[in-house]
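The values are calculated or read from the model by the stated rules, or taken from the named source; none is laboratory data. Since this is a predicted model, take the numbers as computed values, not measurements. No Cβ is skipped: glycine too gets one built from the backbone with ideal geometry, and neighbour counts run over all protein chains shown. Note: areas computed on protein heavy atoms with side chains; ligands, DNA, RNA excluded. Shrake-Rupley method; radii C 1.70, N 1.55, O 1.52, S 1.80 Å.
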Number of protein chains: 2
Amino acid sequence: MRIGLDVMGGDHAPDEILKGGLAALDGLAADDRLVLVGDRRVIEEGMAERGIHDSRVEIVATTEVIGMDDSPVEAVRNRKGSSIVVMYQMASPKAKDRLDAVISAGNTGACVSAAQMHMRRLPNVHRPGIAVTVPTFSGPVVLIDVGANIEPKPHHLAQYGVMGDVYSRRILGIERPRVALMNVGGEEQKGTSDMKEARDLLRSAEGMNFIGYIEGRSVFDGGADVVITDGVVGNVMIKLAEGLAGGIFKALAHEVFAIDPELAVRLEPVVKSLYAKHDYHEY
Amino acid sequence: MRIGLDVMGGDHAPDEILKGGLAALDGLAADDRLVLVGDRRVIEEGMAERGIHDSRVEIVATTEVIGMDDSPVEAVRNRKGSSIVVMYQMASPKAKDRLDAVISAGNTGACVSAAQMHMRRLPNVHRPGIAVTVPTFSGPVVLIDVGANIEPKPHHLAQYGVMGDVYSRRILGIERPRVALMNVGGEEQKGTSDMKEARDLLRSAEGMNFIGYIEGRSVFDGGADVVITDGVVGNVMIKLAEGLAGGIFKALAHEVFAIDPELAVRLEPVVKSLYAKHDYHEY
């Protein structure tokens, strides 16, 4: 497999991205290829520092970068030499030695836009959606979309359901995923007219185990295996969950040190075990 | 002050509601009145059980109930004898012995609809919004709206900002609240056209300390004192936070018992202190 990695994109790029990419070499097969796209000097120096000489690594040198604050569509149009545009071009059906997978932590909008332009969409999929696998207390939940499409039409939401269902079955190995639509309540009359229309489309989707609406309360509690939502709600959900979970453990640590400092040492293996069970890498 | 309480509304009504109402008597002044609206027998029996004879309690007997699953507008129109409709009528500007405040944990849509019909809105406020005070690691945050209005116009969002600002200053005593608009990113070009329009309206609001967009990650981390959002996002946010926080403590307890059961006893005061600091009752 040929995997592209945008070394220049992300909040802590390029160092953390490169570090992650090189760490992944341990998990790749002998005939896999890791294509690092970005500043050649940064990449070569980073590899030299770590003493990595690996024939599976290819470098594609780029000179431009799309920043997190750049306007996506303009940036993709004007910065043809950026790591994002160059990498997605290499994933185009028309590309020579086409990439099989591309990874970027950079400007989301630019990635979505470059992906649409160069990789194209699957037949009958009208809009891309970003799916994340959220670790919950009762297993992994696929949340789609978390920000590719902030004003989806009902049929986009229904298509997210189909894609999330396939992802849950094929990648997570869940036999008959329960697919639910995010809403403000479980009752039939709740939600916008778009949500109701998406619900009706999902109900009529063949072979899908659509279980209806789900509320925010049930997402971490095993209410569904696939949760469909629009890009605004999905984006707020993952960021809120990240902030809240981090905050709870920080507050707990603070409290432990204030009340019973000795406890901290004994609590460490407990928290570690908890993290290990619910962290992404398990899936 | 005359306070109305809908004893019949809520997931654990009427028992838990009545229990809460009667517990509140300790905090009320001698000339306050608690008007319990609901099934007379249930209320009288509940008070007798607890040996409560308090001249500050008035009972307004009703015979109908609006359920959580009922269609709000129809229910308010057709069930004139329900606790919700009767209570909100007593808060009408035209009512004799008008209620100064009304409390219900019942059907949200029915409450909003009955409130609009009987209590009317403040001058220049076009749509009601539900504000909640969310306990965070850096103090209380006013989140508005959490479900009254699932398809707000930009000027509704701007008005929520004004109301949230007043609430934060007057009720929570925050001198110059930082008011922020919920979005998928902090950058100017992020969000729907409605969000951008709301942002521009908020920027031009006189005397308000509007700080721009806020992301989900920052809500629990002191990013703002007032967070404005539409009813769908806000509703998902509070329910998600509730489910996640509860889940984390449940998972932590489970892990403690599995790995180091003795620890549970020592952890109890820590968790209690944490809850005490971040629970609603502090505000």
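What to note about this one:
- Considering residues of segment B:172-194 that are in contact (Cβ under 8 Å) with a residue 40 or more places away in the chain and open to solvent by 50 Å² or more (accessible area, probe 1.4 Å) only, the residue farthest from the chain's Cα centre (by Cα): B:194
- Filter pass, residue B:256 being in contact (Cβ under 8 Å) with a residue 40 or more places away in the chain, open to solvent by less than 20 Å² (accessible area, probe 1.4 Å) and either farther than 22 Å from residue B:148 by Cα or facing chain A (nearest Cβ under 7 Å) (or both): no
- Top-ranked residue in segment A:173-182 [being out of contact with any Phe, Trp or Tyr (no Cβ under 6 Å at 6 or more places or on another chain) and over 14 Å from residue A:152 (Cβ atoms); ranked as nearest to the other protein chains (Cβ to nearest Cβ)]: A:180
- Every residue from segment B:195-214 that is open to solvent by 40 Å² or more (accessible area, probe 1.4 Å) and of a type in the set (Ser, Thr, Tyr): B:204
- Of the set (1) over 23 Å from residue B:69 (Cβ atoms); (2) assigned to a helix (DSSP H, G or I), all apply to residue B:35 but (2).
- For segment A:59-73, the set of residues classified as of a type outside the set (Val, Ile, Thr) and either open to solvent by less than 60 Å² (accessible area, probe 1.4 Å) or within 14 Å of chain B (Cβ to nearest Cβ) (or both) consists of A:61, A:67, A:68, A:69, A:70, A:71, A:72, listed by residue number.
- Extreme residue, nearest to the other protein chains (Cβ to nearest Cβ), among residues of segment B:183-242 that are among the aliphatic types (A, V, I, L, M) and assigned to a loop (DSSP other than H, G, I, E, B): B:184
- Of all the criteria given as (1) assigned to a helix (DSSP H, G or I); (2) buried (at least 17 other Cβ atoms within 10 Å of the Cβ); (3) more than 11 Å from every other protein chain (Cβ to nearest Cβ); (4) in contact with a helix residue (DSSP H, G or I) (Cβ under 7 Å, 6 or more places away or on another chain), the one not satisfied by residue A:155 is (2).
- Residues that are crowded, with 18+ Cβ neighbours inside 10 Å, over 15 Å from residue A:88 (Cα atoms) and of a type in the set (Gly, Ala, Ser), drawn from segment A:16-50: A:21, A:46
- Of the criteria (1) surrounded by 12 or more Cβ atoms within 10 Å (Cβ to Cβ); (2) not in a helix (DSSP H, G or I), which one residue A:53 fails: (1)
- Scope segment B:215-239; condition buried (at least 24 other Cβ atoms within 10 Å of the Cβ), in contact (Cβ under 8 Å) with a residue 24 or more places away in the chain and of a type in the set (Val, Ile, Thr); matching residues: B:219, B:226, B:227, B:228, B:229, B:232, B:233
- Residue pairs whose Cβ atoms lie under 6 Å apart, sitting 6 or more positions apart in sequence or on different chains, and linking a residue in segment B:60-74 that is among the acidic types (Asp, Glu) to a partner that is open to solvent by 60 Å² or more (accessible area, probe 1.4 Å), are B:64/B:79.
- Once segment B:259-283 is narrowed to residues that are outside any helix (DSSP H, G or I) and touching a residue at least 24 places away in the same chain (Cβ under 8 Å), the residue that is farthest from the other protein chains (Cβ to nearest Cβ) is B:283.
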